[in-house]
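Comments concern the structure below.
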Amino acid sequence: MPKDARHWGRSRKGARSAVGVALALGATLLTGCGSDEGAAPTLTWYINPDAGGQAELAKQCSDASNGAYTIETSLLPNDAASQREQLARRLAAGDKSMDIMSLDPPNVPEYAEPGYLAPVPDDVAERTTQGVLEGALAGAKWKDEVVAVPFWANTQILWYRKSVAEAAGLDMSKPVTWDQIIEAAKSQDKYIGVQGARAESMTVWVNALVASAGGTIVENPDASADEIQLGLDSDAGKQAAEVVSTIGKEGLGGPGLPTQTENTSMVQFQGDQGSFMVNYPFVWPATNASVEEGALPESLIDDIGWTLFPAMNEGEDTAPPLGGINLGVGSNSQHPDLAYEAIECIVSPENQAQYFETNGNPPSNEAAYETPGIEETFPMAPTIRDSLELAVPRPQTPYYNEISTGIQQTWTPPSDVNPDTTPATSQEFITEVLRGEKLL
């Protein structure tokens, strides 16, 4: 997800290289923050960029600890790949400052499998997962165990222009399918907002399509690299390719589709050619801000509706994308008990609701959605909550980086995707990468 979206949000070879670099740089990495004798320990929280909400929660929870600890935040790089790399290096090097970390759900298995994460105490796991929405909880697990604590959870919903849907005769009070919105956009000569760039967003899209069609990209996620079985070359994979190919080949994604991101697809949706768009909740505050600045007409707000991510097959549940942040504790932290105490404060439903209202990143806990005022700021909050209950994580495997990069390389640009060949060639390529027979 791009920087602006996060503000509102949000290989064997790769693992070996991260460890190798970490060992080489280990002597230069920071160790745990020291503290004067008798002073409260300082916990370092490595945070992803946001609008200041994590730093505010760090201050609030430090104050609430009555001197038990102080949380200092350390900002990770802007893009998810660089965040992953920095955390992997520090963890592999045994960095003792890794007290609390904001973790992207797809990367959790990569950190958990080699033992880089301190175990979540049973009582902490029980308290912090009570009321957590199903999709968000799935993204915090590895091998059926909770290995990180759900903080906030992101998901894509279907945004639509009411005027376009009405003109196309599409009843948006009922669940809709990809085929239906494709036909509606074609009939009105409008563009569909999707993310077609060679980036993580393509994996997000493909995974949601495959899962919505009843399939899975990785069939045995806890297997070793040379034993992983992929499910791309399947009926579900071919259905996914049909959607991507149709939107790409027929120009339905607009002229900028091959480089389209979450932000650029939002801009297209806001214009005269907008019709339907799959995107994250940041769209709402971003659009309202543009209207308040006079960059967009006031009438646009009333023309925007929302519903669940499109289904692949009529009468079947959709499987929306899952994103967000889980909180983990490094296995070499000198204060794991205090770190988990701080995490319990950070992820309380009240703090999740506050973070949603101030930073636009949706709660993982269902109770937070009942907070008074939430729906005034985010009227689509119930849809987001329902989407997170249905959301499916991207492949949970230590080799996620290889799989995601392989998808990005073989499913872009969308106009080159062929339902008869792309799923099979993609699966073959990724399998060869995992076996060490090809390089990314």
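The values are calculated or read from the model by the stated rules, or taken from the named source; none is laboratory data. This structure is a prediction, so every number in the text was calculated from the model and none was measured. Here the Cβ is made from the backbone with ideal geometry for all residues, glycine too, and neighbour counts use every protein chain on show. When the accessible area is computed, the model is the full protein with side chains, heavy atoms only, and any ligands, DNA or RNA have been set aside. Shrake-Rupley method; radii C 1.70, N 1.55, O 1.52, S 1.80 Å.
Can you give the convex hull volume per residue for the Cα atoms of the range 376-440, as a whole number of Å³? Mind showing how you got there, number by number?
On the way: hull volume 9.5 nm³, N = 65.
It comes to 147 Å³ per residue, whole-number rounded.
Compared with the alpha-carbon gap, the fully stretched path from E389 to T425 is longer by 9.7 nm at 0.36 nm per residue.
Size of the range 59-137 from its Cα atoms: along the principal axes, largest to smallest, the extents are 34, 31, 23 Å.
Given the range 152-304 reduced to its alpha-carbon atoms as identical point scatterers, what log10 I(q)/I(0) does the Debye formula return at q = 0.10, 0.11, 0.18 Å⁻¹? Once normalised to I(0) and log-transformed, intensities are -0.39, -0.47, -1.11.
Secondary structure note: in the chain, about 65% of the DSSP beta bridges are antiparallel. Across the options A211, Y46, F309, the greatest Cα extent toward the positive end of the charge dipole of the chain (unit charges at beta carbon of Lys, Arg, Asp, Glu) belongs to Y46. Hey, if you drop one equal point scatterer on each alpha-carbon of the range 290-440 and run the Debye formula without solvent, what base-10 log of I(q)/I(0) do you get at q = 0.09, 0.10, 0.18 Å⁻¹? One equal scatterer on each Cα of the range 290-440 leads to -0.51, -0.62, -1.16. Each listed q (0.19, 0.22, 0.25 Å⁻¹) maps to a log10 I(q)/I(0) for the range 185-260, found by the Debye formula over equal Cα scatterers with no solvent: -0.82, -0.99, -1.13. Taking the square roots of five times each eigenvalue of the Cα gyration tensor of the range 219-267, the equivalent ellipsoid has semi-axes of 31, 15, 7 Å, listed largest first. Normalised by the number of residues in the range 291-404, the average gap of Cα pairs under 8 Å and 6 or more apart makes the relative contact order 29 percent. Model label sites at T358 and Q130, defined 7 Å from Cα along the beta-carbon direction, differ in position by 2.5 nm. What distance in nm lies between label points placed 7 Å from Cα along the C-beta direction at D235 and D189? Calculated label separation equals 3.9 nm.
Accessible area per residue for the chain, computed on protein heavy atoms with a 1.4 Å probe, is 40 Å².
Please work out how much length the chain gains when fully extended from Q409 to Q86, using 0.36 nm per residue of separation minus the C-alpha to C-alpha distance, in nm with one decimal. Spell out each step's value before the answer.
On the way: separation 323, 0.36 × 323 = 116.28 nm, distance 2.34 nm.
Between Q409 and Q86, full extension yields 113.9 nm more.
With Cα atoms as the point set, the range 262-348 shows a radius of gyration and Dmax of 19.6, 56 Å. For G330, what charge total do you get from the other residues with a beta carbon under 14 Å from its beta carbon, if Lys and Arg give +1 and Asp and Glu give -1? Neighbour charge sum, excluding G330 itself: -1. Just so you know, the Rg over Rh for the chain is 0.97, from Cα atoms, with Rh as the Kirkwood radius. For the range 26-170, taking the reciprocal of the average inverse distance between every pair of different Cα atoms yields a Kirkwood hydrodynamic radius of 17.6 Å. One quarter of the surface of the convex hull around the alpha-carbon atoms of the range 96-214 equals 10.5 nm², the direction-averaged projected area.
Placing R0 at 60 angstrom, the Cβ-Cβ distance between A68 and K162 gives a FRET efficiency of 0.70 after rounding to 0.05. The fraction of accessible area contributed by carbon and sulfur in the range 162-251 is 41 percent, rounded to a whole number (1.4 Å probe; ligands and nucleic acids excluded).
Return the carbon/sulfur percentage of the accessible area of the range 32-144, one whole number, probe 1.4 Å, all protein chains in place. Answer for the range 32-144: carbon and sulfur cover 43 percent of the accessible area. Under the criterion of Cα pairs below 8 Å and six or more residues apart, the relative contact order for the range 105-252 equals 15 percent.
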